[in-house]
Amino acid sequence: MYPTQYKRPSSLEEAVALLADMPEARPVAGGQSLIAAMKLRFAVPSAVIDLGHLPGLSSIEVGTDEVVIGAMVRHAAVASSPELAATVPALCALAAGIGDRQVRNMGTMGGSVANNDPAADYPAAVLAMNGVVNTNLRSIAADDFFLGIYETALEPGELITSIVYKVPRRAAYIKFKNPASRFALVGLFLADYGSSVRMAVTGAGAGVFRLVDMESALGANFVPEALDGIPVPPDRLSSDIHASAEYRAHLITVMAKRAVQVAIVGQTGPAGEWAPISSGNEQP
Ligand SMILES: Cc1cc2nc3c(=O)[nH]c(=O)nc-3n(C[C@H](O)[C@H](O)[C@H](O)COP(=O)(O)OP(=O)(O)OC[C@H]3O[C@@H](n4cnc5c(N)ncnc54)[C@H](O)[C@@H]3O)c2cc1C
C-alpha cells in the first residue's frame, strides 16, 4: 500500500487551488480509468481531488449551432438525453456503446477526453465535430488538443470544464468493438457540415486522427462510392494480438462507407451493435 489522500472540494476554484498546492495530486472524475491505473501502480498520486461535487460541470446545453456538455456529464446521461438525440443522435449512440452500464453510469466526458486513451470513443467525436475543450484557463481547439497516447494539451493542474461541439447537418459513429474490453478496435465518427465534412478515427493508431482525403471526397459527393480507391496506409496503424495494421486499415475503409450510409438514413441504437464479431457473452 501507499498513502493517498482524498480531497472533496466544493468549488472549481478550490479544486484548482488544491491541485496547485499538491503537484503530485490528480483530479478524479468517475474513477473508471484513474482508479484502475492506481491499482496497477501506473498512477501513484499523493491525493485524489474529487470533481464529483463541483457545481456547474454537469449540464447539457443543446443549441442550434453548438452543443455544450459539462466535464462531469456521465456517459449514461449523454446516451439518454432526448435533446441530444434530436440534435446529434450519433453522440448518443457513441455514449450508449461505451463499456457496460457501470462504466456508463460513472464515467464522464471530461475524464474520457482528459485521459485520451488511444481507443476511447469521445476523442473521435470531439475531433470530428470540430470541438473545443474549455478549461479553467482557456479554450483549446480539438485539432490542437489530442497530442498522442494518453497525451493532451492540458497543463498540470488544468481542469476541463466543458466540451463544445459544432452541430453537424448529419453524423454517424461506427464502432468495431474489441469483444473482450468493448473499447474500439476501430471507431469512426463522421460529421457532415454541408460545405465540409470531418471524419476522425480512434482505436486504430497512437491516438485519434482525421482522414482528410476521405473528408475532401465526401465534401464533393456524400455517397459511399466517393471513398472508392482512397488508400489507407497501414504504416502508422497499430498491430497487436487483436488485429494487424492491415486489418485495421481495411476496417477503416469499410466503416467509413458504412458511416456515410448511417449518416444518410439517421443513426439509432448504440454504436457497435452492427459489429459482425461477438464474444457470445455481451452484456447489455
Ligand atoms: C471495463 C471498462 C470498459 C470501458 N470501455 C470503454 C469504451 O468502450 N469506450 C471508451 O471510450 N471508454 C471506455 N472505458 C473508459 C470510460 O469511458 C471512462 O469514462 C474514461 O476512462 C474516463 O473515466 P472517468 O470519467 O471515470 O475519469 P477518471 O478515471 O476519474 O479520470 C481519468 C483521467 O482524467 C483526469 N481527469 C478527469 N476529469 C478531469 C477533468 N475534468 N479535467 C482534467 N483532467 C481530468 C484524471 O486525473 C485521470 O488522469 C471503459 C472503462 C472500463 C473500466
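Read-outs: derived from the displayed coordinates by stated rules, not from any lab. Bear in mind the structure is a predicted one, so any value in this text is a computation, not a measurement. Counting neighbours? That spans all protein chains shown, and the Cβs are built from the backbone with ideal geometry, glycine included.
Rank these for me by crowding, Lys39, Lys7, going from fewest to most other beta carbons within 10 Å. Each step should come with its number before you reach the end.
Values: Lys39 9, Lys7 17.
Sorted ascending by nearby Cβ count, the order is Lys39, Lys7.
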- Message: For the ranges 85-95, 40-50, what's the packing order if you count other beta-carbon atoms within 10 Å of each residue, average per peptide, and put the highest first?
- Response: 85-95, 40-50
- So what's the angle, to the nearest 10 degrees on a 0 to 90 scale, between helix 12-21 and the longest Cα principal axis of the chain? 70 degrees
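How much length is gained on full extension from Gln102 to Ile230, taking 0.36 nm per residue of separation minus their Cα-Cα distance? If you can, show how the numbers build up before the last one.
Details: separation 128, 0.36 × 128 = 46.08 nm, distance 3.94 nm.
Here the answer is 42.1 nm.
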- Residue-averaged [θ]222 nm for the chain, counting only DSSP H segments that reach four residues, each worth -39500 (n - 2.57): -8500 deg cm²/dmol
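What FRET efficiency comes out for the pair Glu13/Ala43, r = Cβ-Cβ distance, R0 = 25 Å, nearest 0.05?
Details: r = 25 Å, r/R0 = 0.98.
For Glu13 and Ala43, the calculated efficiency is 0.55.
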- Message: Using alpha carbons only, how many angstrom separate the centre of region 166-192 from the centre of region 71-89?
- Response: 15 Å
- Query: Looking at the square roots a ≥ b ≥ c of the eigenvalues of the Cα gyration tensor of region 99-207, which shape do they give, rounded for a/c under 1.5, prolate if a/b is larger than b/c, or oblate?
  - Reply: oblate
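If you only keep lysine pairs separated by 8 or more in sequence, or across chains, how many in the chain come under 22 Å at the Cα atoms?
Values: Lys7/Lys39; Lys166/Lys175; Lys175/Lys257; Lys177/Lys257.
For the chain, qualifying lysine pairs total 4.
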- Note on the structure: Gyration tensor on Cα atoms of the chain, a ≥ b ≥ c root eigenvalues, a/c under 1.5 rounded, else prolate if a/b beats b/c, else oblate, says prolate
- Let me know the shape class of region 1-140, please: from the alpha-carbon gyration tensor, a ≥ b ≥ c as square roots of the eigenvalues, rounded when a/c is under 1.5, otherwise prolate if a/b is greater than b/c, or oblate. prolate
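Ranking request for peptides 149-160, 97-108: highest mean number of other beta-carbon atoms within 10 Å first, then the rest in descending order.
Going from most to least packed, we get 97-108, 149-160.
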- Message: Given points 7 Å out from each Cα along the Cα-Cβ axis, report the Ala141 to Asp213 separation in nanometres with one decimal.
- Response: 2.4 nm
- In nm, to one decimal, how far is the Ser80 label point from the Glu24 one, both placed 7 Å along Cα→Cβ? 4.0 nm
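Using a simple charge model, +1 on the beta-carbon of Lys and Arg, -1 on the beta-carbon of Asp and Glu, nothing else, what dipole does the chain show about its Cα centre, in debye to the nearest 20? List each step's numbers first, then the result.
Details: 21 positive and 27 negative charges, 123 e Å.
The dipole magnitude comes to about 600 debye.
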